[in-house]
Amino acid sequence: MMFLLISLAVALLSSAQSAQPIFAEDGALDDRAEGVWYSLEKGWILDISESGITRWQDTPAGCYASPAPDESTPMMGQVEYRLFRPSRDGQSIRLNYLPGDASASFERLDALPPSCGSEELTSETAVFDVFASVMRRHYSFFDARGVDWDAQIAAAHPHVQDGMGEAALWEVLAGLLDPLGDSHTKLIGMVDGEPRRAQAGLGTTLPMIRESIGEGAWLNGLVDQLFNEVLDPGAELIAGRVIVGEITPESGAPVGYIQIFTMGGFTTDHMPGSIEWSQAELAALSDILDDALTRFSGHQAIILDLSNNRGGYDAVTRAIAARFTDHAFLGYRVRVPGASEATEDYEITPHDGVRYSGPVYVMTSDVTVSGGEITTMMLRQLSNVIQVGGTTRGAFSTPLAKPLPNGWYLELSNEVFEDGSGAVFEGRGIPPAMMVDMYPEAAPVAGHRAAIEHVVGLIEGG
């Protein structure tokens with residue numbers, strides 16, 4: 001049940017205080033973080049003690065401990081908070097997974113509520129009730145995506161009964177998510193011993209590719225085409241994630257080209273999700289961009305190709321934006337409707353090093369999602385940047401991971417991302433200034449080359 005008696009007023013955090021590790025390198029707990037903490041924003045209760053962090057799911061249908069992670073647990077369910085900032089009075093804290101990540105507000109409880117763990121919630125009807133209530137409480141885009149959730153639940157409820165089995169229950173829950181068309185809202189789990197995933201809203205390009213030539217053959221074809229037919233000799237594929245090269249058009253004035261497939265994955269030196277990993281990722285990205293932008297310093301323009309970007313680590317998106325501006329600006333704002341102290345502004349400060357403030361053409365498509373969209377949303381606010389290609393997918397929110405009592409994971413969109421002017425593109429995507437078909441059905445590989453050639457023509461035409 002929801003703990004309505006808890007005050008939602010969060011004591012002011014010391015602005016001078018940076019986030020501190022919850023546990024030191026030797027495993028010692030910072031005693032300021034010890035205790036039981038509740039987040040209205042997340043619907044989580046954390047019991048932090050010397051033995052670690054126990055996470056409880058507070059839902060209108062019951063309170064239960066998160067299942068222990070196993071090989072079927074998605075990444076969002078494996079990570080745990082590592083950093084915290086306490087309030088002056090010790091009655092609230094803000095928690096972060098990694099430096100620079102969005103923080104969540106938690107308030108101190110005297111003890112774990114007695115209702116937690118008091119009910120058996122693994123039956124089919126109980127799992128359905130938890131699923132329905134979690135979505136109702138935390139999902140932020142029913143209106144934007146034109147879904148009457150209560151009506152859907154009322155229609156589905158008669159089809160759920162104890163003893164119906166995992167497969168039948170899965171079909172009901174997956175069917176409820178499908179009308180949302182939200183690729184960041186998904187169901188992941190094991191059904192009768194087999195891994196399952198229910199995810200809609202993938203746009204038109206990816207389903208078309210998967211039903212025709214296959215995604216692997218498509219990506220390999222795109223990369224081979226770039227190196228053999230589009231880019232000048234000397235182009236590089238870095239860490240399997242970034243392509244850096246040049247295009248010399250008939251005018252003779254070269255154009256820089258950078259394609260980024262994911263916002264992360266630039267290094268394999270550390271465990272993903274760790275602080276060391278985040279530091280290594282940003283350091284590797286910095287090296288890549290230092291080399292590329294130094295190489296392109298005298299070029300007439302740069303093409304930043306995000307048309308196949310699948311998202312990733314938000315700090316990477318901000319580091320990229322900082323390379324293409326000479327002035328500070330509000331990159332974006334994140335808020336969670338109905339949650340207290342849950343709005344954060346992300347100001348982009350020009351990188352203290354190699355930057356490029358000449359013309360930048362950002363290429364997008366309906367494959368561009370999440371971190372790729374956040375990057376696009378920031379850069380398109382700059383006067384030197386033009387977005388070309390297709391409308392992005394329209395899925396920004398970092399998924400809120402909510403394990404269900406039976407071990408399945410529900411990931412849902414609860415964050416609203418706004419650009420500096422307050423515009424929200426969730427569910428509709430970011431439209432380009434110039435529409436170009438990036439991956440036409442008749443030629444999904446050759447069409448990418450034609451789109452790049454079209455952009456080069458725009459650059460030469462001024």
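The values are calculated or read from the model by the stated rules, or taken from the named source; none is laboratory data. A quick note: this is a predicted structure, and the numbers were derived from the prediction, not measured. Quick reminder, even Gly has a Cβ in these numbers, built from the backbone with ideal geometry, and neighbours come from all protein chains shown.
Would you check which residues across the range 245-272 are in contact with a Phe, Trp or Tyr (Cβ under 7 Å, 6 or more places away or on another chain) and either closer than 21 Å to Tyr356 by Cβ or not assigned by TED's automatic domain parsing to the domain that holds Met363 (or both) and list them?
Going through the range 245-272, the residues in contact with a Phe, Trp or Tyr (Cβ under 7 Å, 6 or more places away or on another chain) turn out to be 245-247, 256, 263-264, 270-271.
Residues satisfying the conditions are Gly245, Glu246, Ile247, Gly256, Met263.
For the range 367-397, which residues satisfy the criterion of being surrounded by fewer than 24 Cβ atoms within 10 Å (Cβ to Cβ), over 21 Å from Thr343 (Cβ atoms) and out of contact with any helix residue (DSSP H, G or I) (no Cβ under 7 Å at 6 or more places or on another chain)?
Arg380, Leu382, Ser383, Asn384, Ile386, Thr391, listed by residue number.
Taking the criterion of being touching a strand residue (DSSP E or B) at 6+ places or on another chain (Cβ under 8 Å), farther than 23 Å from Gly256 by Cα and either surrounded by fewer than 15 Cβ atoms within 10 Å (Cβ to Cβ) or not hydroxyl-bearing (Ser, Thr, Tyr) (or both), would at least one residue in the range 311-319 satisfy it?
As a first pass, look at the range 311-319 and keep what is touching a strand residue (DSSP E or B) at 6+ places or on another chain (Cβ under 8 Å): 311-314, 316-318.
Now drop any that are not farther than 23 Å from Gly256 by Cα, which leaves 312-314.
If we keep only those that are either surrounded by fewer than 15 Cβ atoms within 10 Å (Cβ to Cβ) or not hydroxyl-bearing (Ser, Thr, Tyr) (or both) as well, we get 312, 314.
Yes; the residues of the range 311-319 include at least one that is touching a strand residue (DSSP E or B) at 6+ places or on another chain (Cβ under 8 Å), farther than 23 Å from Gly256 by Cα and either surrounded by fewer than 15 Cβ atoms within 10 Å (Cβ to Cβ) or not hydroxyl-bearing (Ser, Thr, Tyr) (or both).
Residue pairs, Cβ under 6 Å, 6 or more apart or interchain, first in the range 193-204 and under 16 Å from Val172 (Cβ atoms), second of a type outside the set (S, T, N, Q) and assigned to a loop (DSSP other than H, G, I, E, B). List them.
What qualifies is Ala200/Gly181.
Restricting to the range 144-193, name every residue that is polar (S, T, N, Q) and closer than 27 Å to Gly427 by Cα.
Within the range 144-193, the subset polar (S, T, N, Q) is 152, 161, 183, 185.
The answer is Gln152, Ser183, Thr185.
Would you confirm whether or not the range 171-188 contains a residue that is assigned by TED's automatic domain parsing to the domain that holds Ile303, of a type in the set (S, T, N, Q) and either buried (at least 19 other Cβ atoms within 10 Å of the Cβ) or over 30 Å from Ala132 (Cβ atoms) (or both)? Break it down into steps so the answer makes sense when it comes.
First, the residues of the range 171-188 that are assigned by TED's automatic domain parsing to the domain that holds Ile303: none.
No, the range 171-188 contains no residue that is assigned by TED's automatic domain parsing to the domain that holds Ile303, of a type in the set (S, T, N, Q) and either buried (at least 19 other Cβ atoms within 10 Å of the Cβ) or over 30 Å from Ala132 (Cβ atoms) (or both).
Just to verify a result, which residue in the range 38-87, among those that are more than 25 Å from the chain's Cα centre (by Cα) and hydrophobic (A, V, I, L, M, F, W, C), is farthest from Ala132 (Cα to Cα)? Steps first, answer last, please.
Restricting attention to the range 38-87, the residues satisfying the condition of being more than 25 Å from the chain's Cα centre (by Cα) are 47-52, 60-64, 86-87.
Now narrow it down to the ones that are hydrophobic (A, V, I, L, M, F, W, C): 48, 61, 63.
Values: Ile48: 28, Ala61: 9, Cys63: 14 Å.
Here the answer is Ile48.
If you check every pair at least six apart or on different chains, which have Cβ atoms under 8 Å apart with a residue in the range 94-121 that is among the aromatic types (Phe, Trp, Tyr) first and a residue that is assigned to a loop (DSSP other than H, G, I, E, B) second?
Tyr97/Val79; Tyr97/Glu80; Tyr97/Tyr81; Tyr97/Arg82; Tyr97/Gly273
Would you check which residues across the range 42-53 are in a loop (DSSP other than H, G, I, E, B) and of a type outside the set (Ser, Thr, Tyr) and list them? Quick ask: steps written out before the conclusion?
Let us first name the residues in the range 42-53 that are in a loop (DSSP other than H, G, I, E, B), namely 42-43, 50-51.
Within the range 42-53, Lys42, Gly43, Glu50 qualify.
Would you mind finding the one in Glu124, Glu119 that is modelled with pLDDT under 95 and closer than 20 Å to Ala65 by Cα? Step through it out loud before you land on a result.
Details: Glu124 fails: modelled with pLDDT under 95.
Result: Glu119 is the single residue among Glu124, Glu119 that is modelled with pLDDT under 95 and closer than 20 Å to Ala65 by Cα.
Considering each of Glu71, Glu50, Glu80 in turn, give the residue that is without any contact (Cβ under 8 Å) to a residue 12 or more places away in the chain, surrounded by fewer than 17 Cβ atoms within 10 Å (Cβ to Cβ) and among the acidic types (Asp, Glu). Even if it seems obvious, please write down each step before you answer.
Working: Glu50 fails: without any contact (Cβ under 8 Å) to a residue 12 or more places away in the chain; Glu80 fails: without any contact (Cβ under 8 Å) to a residue 12 or more places away in the chain.
Just one listed residue meets the conditions, Glu71.
Kindly provide the set of residues from the range 344-366 that are assigned to a loop (DSSP other than H, G, I, E, B) and more than 18 Å from the chain's Cα centre (by Cα), ordered by number. Don't jump to the end; show me each part of the working.
Here is the first cut: in the range 344-366, the ones assigned to a loop (DSSP other than H, G, I, E, B) are 349-359, 365-366.
Answer for the range 344-366, where residues must be assigned to a loop (DSSP other than H, G, I, E, B) and more than 18 Å from the chain's Cα centre (by Cα): Thr349, Pro350, His351, Asp352, Gly353, Val354, Arg355, Tyr356, Ser357, Gly358, Pro359.
What tally of residues in the range 255-280 results from selecting those that are under 16 Å from the mean Cα position of the chain (by Cα) and either of a type outside the set (S, T, N, Q) or at pLDDT below 95 (or both)?
Here is the first cut: in the range 255-280, the residues under 16 Å from the mean Cα position of the chain (by Cα) are 260-265, 272-273, 278.
Filter once more, so that each one left must be either of a type outside the set (S, T, N, Q) or at pLDDT below 95 (or both): 260-261, 263-265, 272-273, 278.
Summing the residues that are under 16 Å from the mean Cα position of the chain (by Cα) and either of a type outside the set (S, T, N, Q) or at pLDDT below 95 (or both) in the range 255-280 gives 8.
For residues in the range 23-41 being in a loop (DSSP other than H, G, I, E, B) and free of Cβ contacts under 8 Å to residues at least 24 places away in the same chain, which is nearest to Ala111 (Cα to Cα)? Break it down into steps so the answer makes sense when it comes.
Within the range 23-41, the subset in a loop (DSSP other than H, G, I, E, B) is 24-28, 30-34, 40-41.
Within this subset, residues satisfying the condition of being free of Cβ contacts under 8 Å to residues at least 24 places away in the same chain are 24-28, 31, 34.
Details: Ala24: 24, Glu25: 27, Asp26: 27, Gly27: 23, Ala28: 22, Asp31: 16, Glu34: 11 Å.
My answer is Glu34.
Please work out which one of (1) touching a helix residue (DSSP H, G or I) at 6+ places or on another chain (Cβ under 8 Å); (2) closer than 30 Å to Arg137 by Cβ is the condition Gly422 fails and give its number.
It is condition (1) that Gly422 fails.
Does Leu404 count as buried (at least 20 other Cβ atoms within 10 Å of the Cβ), in contact with a Lys or Arg (Cβ under 9 Å, 6 or more places away or on another chain), modelled with pLDDT of 95 or more and of a type outside the set (Asp, Glu)?
Considered against the rule, which asks whether it is buried (at least 20 other Cβ atoms within 10 Å of the Cβ), in contact with a Lys or Arg (Cβ under 9 Å, 6 or more places away or on another chain), modelled with pLDDT of 95 or more and of a type outside the set (Asp, Glu), Leu404 comes out as no.
Checking the conditions here, which among Thr376, Thr364, Thr368, Thr392 is among the polar types (S, T, N, Q), under 27 Å from Ile452 (Cα atoms), free of Cβ contacts under 8 Å to residues at least 40 places away in the same chain and touching a Ser or Thr at 6+ places or on another chain (Cβ under 6 Å)? Write out each step before concluding.
Numbers: Thr376 fails: free of Cβ contacts under 8 Å to residues at least 40 places away in the same chain; Thr364 fails: free of Cβ contacts under 8 Å to residues at least 40 places away in the same chain; Thr368 fails: free of Cβ contacts under 8 Å to residues at least 40 places away in the same chain.
So the residue among Thr376, Thr364, Thr368, Thr392 that is among the polar types (S, T, N, Q), under 27 Å from Ile452 (Cα atoms), free of Cβ contacts under 8 Å to residues at least 40 places away in the same chain and touching a Ser or Thr at 6+ places or on another chain (Cβ under 6 Å) is Thr392.
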